[in-house]
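Notes for the one structure printed next.
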Amino acid sequence: MAKSKFLNIDSLSFQGIDEEAELIPLMTPEDEEEINKEKLPKELPILPLRNTVLFPGVVIPITAGRDKSIRLIKDANNGDKVIGVVSQKDEEVENPEVEDINTLGTVARILRVLQMPDGNTTVIIQGKKRFEIDQVVSTEPYMRASIKEVEEVRPERNNAEFTAIIESIKELSLQIIKNSPNIPSEASFAIKNIESGSFLINFVSSNMNLSVEEKQELLEMNNLRERALATLKYLNVEFQKLELKIDIQSKVRHDMDQQQREYFLHQQMKTIQEELGGVSYEEEIEEMREKASGKKWDMKVKEHFDRELAKLQRMNPQVAEYSIQRNYLDLLLELPWGMYSKDKFDLKRAQRILDRDQYGLDEVKRRIIEYLAVLKLRNDMKSPILCLYGPPGVGKTSLGKSIAEALGREYVRISLGGLRDEAEIRGHRKTYIGAMPGRIIQSLKKAGTSNPVFVLDEIDKLTTSHTGDPSSAMLEVLDPEQNTSFYDNFLELGYDLSKVMFIATANNLGNIQPALRDRMEVINVTGYTIEEKVEIAKRHLLPKQLKEHGLTAENLKIGKKGLEKIVEGYTRESGVRGLEKQIAKMVRFAAKSIAMEEEYSVKASPEDIEKILGPARMERDKYENNEVAGVVTGLAWTSVGGDILFIESILSAGKGNLTITGNLGKVMKESATIAMEYIKANAEELGIAPDIFGKYNVHIHVPEGATPKDGPSAGITMLTSLVSLFTQRKVKKSIAMTGEITLRGKVLPVGGIKEKILAAKRARIKEILLCEENRRDIEEIKPEYLKGLTFHYVSDMSEVLKLALTHEKVKNAKTL
């Protein structure tokens with residue numbers, strides 16, 4: 001039941017009762033009988049009410065705000081004070097016509113008109129009889145209509161059933177008033193003093209918490225018994241709701257502890273924030289729902305989002321899970337579901353961009369152009385998984401940016417070096433505190449599209465730990481057959497990665513899990529020749545460093561010969577990272593000279609370079625002389641490119657023991673043992689006395705003992721070194737070799753040929769010995785890289801010795 005109040009029929013606002021207004025007495029049966037005898041006028045001014053229904057006998061205050069309503073009340077108050085009151089069908093209608101009002105209403109008498117302090121007119125009216133609008137006579141200055149009385153079917157006097165219904169209504173009303181904190185206790189006094197059954201029904205119906213439509217239905221019931229039963233039904237529903245509310249409150253009521261106090265304060269703060277213009281939680285949820293309406297996701301994702309949003313609405317904003325759920329929904333909204341950037345298929349433009357940003361790397365550029373060509377023709381293709389494999393500093397990572405620009409895609413890079421937690425790839429389950437999606441999903445969110453160029457840097461540096469194996473988690477990411485629905489533990493949904501172009505970089509393929517390596521197309525990015533390094537320094541490194549240090553090309557010029565000196569004397573890498581550091585040192589010297597107003601040579605000569613960078617430090621790469629027996633130059637592959645190494649052998653008096661030093665691995669030691677045994681087995685053919693092996697100890701050493709070395713490719717180098725030692729024959733000048741040997745004397749092919757060739761060129765080697773089967777590797781190298789080199793292809797150790805050893809004895813040769 002509603003609390004006593006003034007109902008504003010025009011603005012729907014509420015005002016408290018004027019405390020000085022005198023009380024209106026309740027209707028008695030005598031009053032009711034007198035009213036029933038009254039005759040209704042043929043015409044009445046019609047006053048529409050917005051949000052209430054007037055019942056016969058009931059007194060209600062209303063506030064009028066519309067001009068027509070004020071005029072009507074003023075004229076009626078000066079006249080016979082009788083008006084017709086009807087309710088509007090739609091309370092939003094400002095100027096209701098006849099079709100906007102209900103045809104059945106109540107004749108009312110104006111009891112008092114009050115002018116309120118705020119300027120509104122408040123009128124207290126009492127319902128008399130029900131009527132029905134017959135015809136609207138006029139609409140100006142307000143609505144007038146001819147009316148007819150609506151007869152009411154009343155039960156016989158002293159009807160036991162009707163009396164029981166009335167008693168039930170009175171009893172339920174008293175219980176509701178007693179248990180409801182919102183209804184003043186004086187209302188029970190009014191209910192007890194009502195003597196008329198019909199007035200009790202009307203009084204209760206008027207004050208019940210019902211909608212205007214429901215009250216209108218009660219008013220339109222002509223049978224008083226039916227209206228009494230309907231009123232009793234509504235009272236029962238309201239009483240049950242009140243009981244349920246009281247029951248729930250009794251179950252959850254307990255002393256307010258610190259947590260409740262904090263929650264209460266938080267709620268107050270939230271209300272204050274909303275009053276000051278802040279955003280409420282409901283507004284945030286509505287904003288999320290609006291964002292979701294514009295997402296291009298499928299029905300499955302949409303249904304999942306709706307469920308999760310409904311879960312957020314049910315949560316208390318103060319609990320810890322609320323922020324996790326909020327972050328989860330933010331992720332769903334921020335991910336680029338179905339958003340793809342348009343690929344640019346201008347292949348000539350793409351070729352120009354790749355040539356502009358990267359010098360060399362022809363194999364990689366060719367593969368990218370092939371991919372673009374196929375994509376242009378098919379317009380739908382699973383992106384390839386490329387793995388750029390090579391030493392540091394050769395431009396593997398920066399190539400990703402060039403590819404992204406050539407394709408017109410977003411560029412994303414994540415570094416996998418040292419990553420040991422599987423959750424970094426797959427994400428954490430969102431039930432954990434601090435849960436986050438994996439780095440794959442996070443990077444896609446930052447990219448804003450579902451088809452970026454995605455560089456997985458240092459994929460060979462993934463490690464395993466007790467928290468899982470990240471390399472195994474990458475299998476799903478890089479498998480074209482699986483990544484159409486990549487499952488992230490935090491996202492809990494499959495995400496399509498098939499349009500992403502993954503480019504992995506690695507320094508050592510041996511460290512990559514075989515199953516993962518099998519899913520990638522490996523492209524070998526080898527080191528640069530001296531000529532290529534000079535060209536890269538001229539085109540890219542020097543202009544970049546000048547710009548970073550605030551200089552121009554007019555402040556420092558390094559010619560081709562100067563760049564060659566820096567490359568040969570101060571760097572020994574396959575890439576150009578160390579070269580860039582040396583150029584940066586030159587640029588810093590120029591910047592310091594300009595800032596301190598010191599004179600310096602703008603065009604740097606080789607002498608200036610040596611003065612700034614110090615004496616050349618890389619001369620140990622140069623070939624050593626052949627005046628000592630047992631010293632042979634070999635070619636080796638390292639993770640930073642090719643290198644040369646020297647195999648040294650020496651004899652000392654002893655019993656034929658073999659000693660091997662130089663921080664060598666197991667395979668390399670085995671090569672030395674094989675070479676020694678081959679020589680012993682073929683001593684006569686090699687011109688070596690068999691009894692010599694029991695008189696001398698042999699010591700093999702590979703310099704740079706601090707550097708670990710392993711692999712079979714030094715086999716022919718060790719054999720040549722030992723034969724040179726035992727025969728005291730000179731090794732041919734400016735020659736180097738690489739290849740594996742067997743006990744039968746066969747030469748087997750080895751890998752890393754291009755890197756080894758580049759190392760040989762840096763060391764001024766003229767001739768190179770290789771296995772016959774490595775001829776195909778040489779044919780894949782550009783002819784300009786091979787300029788100045790002579791290759792000898794061998795398949796047997798006898799051929800190696802014929803080509804590598806001269807018949808000339810070394811100076812001061814020992815007599816064995």
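What are the residues in the stretch 532-551 that are among the acidic types (Asp, Glu) and either surrounded by 16 or more Cβ atoms within 10 Å (Cβ to Cβ) or not in a helix (DSSP H, G or I) (or both), if any?
Listed by number, the residues that qualify are 532, 535.
With the requirement that a residue be under 26 Å from residue 307 (Cβ atoms) and in contact with a strand residue (DSSP E or B) (Cβ under 9 Å, 6 or more places away or on another chain), what does the stretch 458-510 give you?
If the condition is that a residue be under 26 Å from residue 307 (Cβ atoms) and in contact with a strand residue (DSSP E or B) (Cβ under 9 Å, 6 or more places away or on another chain), then 476, 483, 484, 485, 486, 487, 488, 493, 494, 495, 496, 497 are the ones that fit.
Output the qualifying pairs, or none if there are none: Cβ atoms under 8 angstrom, residues six or more apart or on different chains, first residue in the stretch 301-319 and assigned to a helix (DSSP H, G or I), second residue among the acidic types (Asp, Glu) and surrounded by 14 or more Cβ atoms within 10 Å (Cβ to Cβ).
As it stands, the answer is 304/492, since those pairs meet every condition given.
Going residue by residue through the stretch 520-528, is there one that turns out to be touching a residue at least 12 places away in the same chain (Cβ under 8 Å) and within 25 Å of the chain's Cα centre (by Cα)?
Yes, some residue in the stretch 520-528 is touching a residue at least 12 places away in the same chain (Cβ under 8 Å) and within 25 Å of the chain's Cα centre (by Cα).
So is residue 798 more than 16 Å from residue 637 (Cα to Cα), at pLDDT 85 or above and among the small types (Gly, Ala, Ser) or not?
So residue 798 fits the description; yes.
Of 755, 704, which residue is in contact (Cβ under 8 Å) with a residue 12 or more places away in the chain, within 20 Å of residue 573 (Cα to Cα) and assigned to a helix (DSSP H, G or I)?
755
Does residue 764 count as part of a loop (DSSP other than H, G, I, E, B) and at pLDDT below 85?
Yes, satisfied.
With the condition kept exactly as written, say whether any residue in the stretch 364-384 is modelled with pLDDT under 85, among the polar types (S, T, N, Q), crowded, with 18+ Cβ neighbours inside 10 Å and within 29 Å of residue 296 (Cα to Cα).
Yes, the stretch 364-384 has at least one match.
Of all residues in the stretch 574-607, how many are in a loop (DSSP other than H, G, I, E, B) and without any contact (Cβ under 8 Å) to a residue 24 or more places away in the chain?
Going through the stretch 574-607 one residue at a time, the tally reaches 6.
Among the residues of the stretch 179-188, which ones are exposed (fewer than 12 other Cβ atoms within 10 Å of the Cβ) and more than 21 Å from residue 249 (Cβ to Cβ)?
Correct list: 186 only.
Quick check on the stretch 677-690. Is at least one of its residues of a type in the set (Ser, Thr, Tyr), surrounded by fewer than 14 Cβ atoms within 10 Å (Cβ to Cβ), farther than 26 Å from residue 575 by Cα and modelled with pLDDT of 90 or more?
no
Only one of 359, 340, 322, 371 is in contact with an Asp or Glu (Cβ under 7 Å, 6 or more places away or on another chain) and among the hydroxyl-bearing types (Ser, Thr, Tyr); which?
Just a single option satisfies the conditions, and that option is 359.
Give the stretch 215-232 a look and list any residue that's aliphatic (A, V, I, L, M) and in contact with a helix residue (DSSP H, G or I) (Cβ under 7 Å, 6 or more places away or on another chain), or say none.
218, 221, 224, 228, 229, 230, 232
So which of 687, 715, 694, 705 ends up being assigned by TED's automatic domain parsing to the domain that holds residue 798 and on the phi > 0 side of the Ramachandran plot?
Answer to the check: 687.
Within the stretch 339-370, track down each residue that is out of contact with any helix residue (DSSP H, G or I) (no Cβ under 9 Å at 6 or more places or on another chain), free of Cβ contacts under 8 Å to residues at least 24 places away in the same chain and not acidic (Asp, Glu).
Correct list: 348, 366.
Condition first: at positive phi and either polar (S, T, N, Q) or not in a helix (DSSP H, G or I) (or both). Can you find one or more residues in the stretch 238-248 that meet it?
No, the stretch 238-248 contains no residue that is at positive phi and either polar (S, T, N, Q) or not in a helix (DSSP H, G or I) (or both).
Determine, yes or no, whether residue 412 is crowded, with 18+ Cβ neighbours inside 10 Å, in contact (Cβ under 8 Å) with a residue 60 or more places away in the chain and closer than 19 Å to residue 506 by Cα.
Considered against the rule, which asks whether it is crowded, with 18+ Cβ neighbours inside 10 Å, in contact (Cβ under 8 Å) with a residue 60 or more places away in the chain and closer than 19 Å to residue 506 by Cα, residue 412 comes out as no.
If a residue counts only when it is within 60 Å of the chain's Cα centre (by Cα) and closer than 23 Å to residue 87 by Cβ, which helices (runs of 4 or more DSSP H) contained entirely in the stretch 179-230 have at least 3 such residues?
Passing ranges, in order: 197-207, 212-220.
Return yes when residue 742 is under 50 Å from the mean Cα position of the chain (by Cα) and at negative phi and no when it is not.
no
Listed here are the residues, each with its yes/no results for (1) surrounded by 20 or more Cβ atoms within 10 Å (Cβ to Cβ); (2) over 15 Å from the mean Cα position of the chain (by Cα); (3) closer than 30 Å to residue 323 by Cβ; (4) without any contact (Cβ under 8 Å) to a residue 12 or more places away in the chain.
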position: 435; (1), (2), (3), (4): no, no, yes, no
position: 453; (1), (2), (3), (4): yes, yes, no, no
position: 469; (1), (2), (3), (4): no, yes, no, no
position: 509; (1), (2), (3), (4): no, yes, no, no
position: 513; (1), (2), (3), (4): no, yes, no, no
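With the requirement that a residue be farther than 25 Å from residue 360 by Cα and not hydroxyl-bearing (Ser, Thr, Tyr), what does the stretch 552-584 give you?
554, 555, 556
Yes or no: residue 788 at positive phi and touching a strand residue (DSSP E or B) at 6+ places or on another chain (Cβ under 6 Å)?
Answer is no for this residue.
Check 443, 465 and return the single one that is of a type outside the set (D, E, K, R) and under 25 Å from residue 384 (Cβ atoms).
443
When you go through (1) more than 19 Å from the chain's Cα centre (by Cα); (2) surrounded by fewer than 17 Cβ atoms within 10 Å (Cβ to Cβ); (3) outside any loop (DSSP other than H, G, I, E, B); (4) not β-branched (Val, Ile, Thr) one by one for residue 446, which number turns out not to apply?
Residue 446 satisfies every listed condition except (1).
Restricting the stretch 136-178 to residues that are among the hydrophobic types (A, V, I, L, M, F, W, C) and outside any helix (DSSP H, G or I), which is surrounded by the fewest Cβ atoms within 10 Å (Cβ to Cβ)?
This residue is 153.
Within the stretch 1-69, considering only strands (runs of 3 or more DSSP E) that don't extend past its boundaries, which have at least 2 residues that are closer than 26 Å to residue 237 by Cα and modelled with pLDDT under 85?
Answer list for the stretch 1-69: 6-8.
Residue-wise test of (1) in contact with a Gly (Cβ under 6 Å, 6 or more places away or on another chain); (2) over 30 Å from residue 440 (Cβ atoms); (3) modelled with pLDDT under 85.
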| residue | (1), (2), (3) |
| --- | --- |
| 249 | no, yes, yes |
| 278 | no, yes, yes |
| 285 | no, no, yes |
| 307 | no, no, no |
| 312 | no, no, yes |
| 340 | no, no, no |
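Please state which of the following conditions residue 562 fails to meet, knowing it meets all the rest: (1) over 38 Å from the mean Cα position of the chain (by Cα); (2) modelled with pLDDT of 85 or more; (3) within 22 Å of residue 398 (Cβ to Cβ).
Just one mismatch for residue 562, condition (3).
List the number of the failed condition for residue 90; all other conditions in (1) within 22 Å of residue 136 (Cβ to Cβ); (2) surrounded by 15 or more Cβ atoms within 10 Å (Cβ to Cβ) hold.
Condition not satisfied by residue 90: (2).
The values are calculated or read from the model by the stated rules, or taken from the named source; none is laboratory data. In this text the structure is predicted, and so the values were computed from the model without any measurement. Counting neighbours? That spans all protein chains shown, and the Cβs are built from the backbone with ideal geometry, glycine included.
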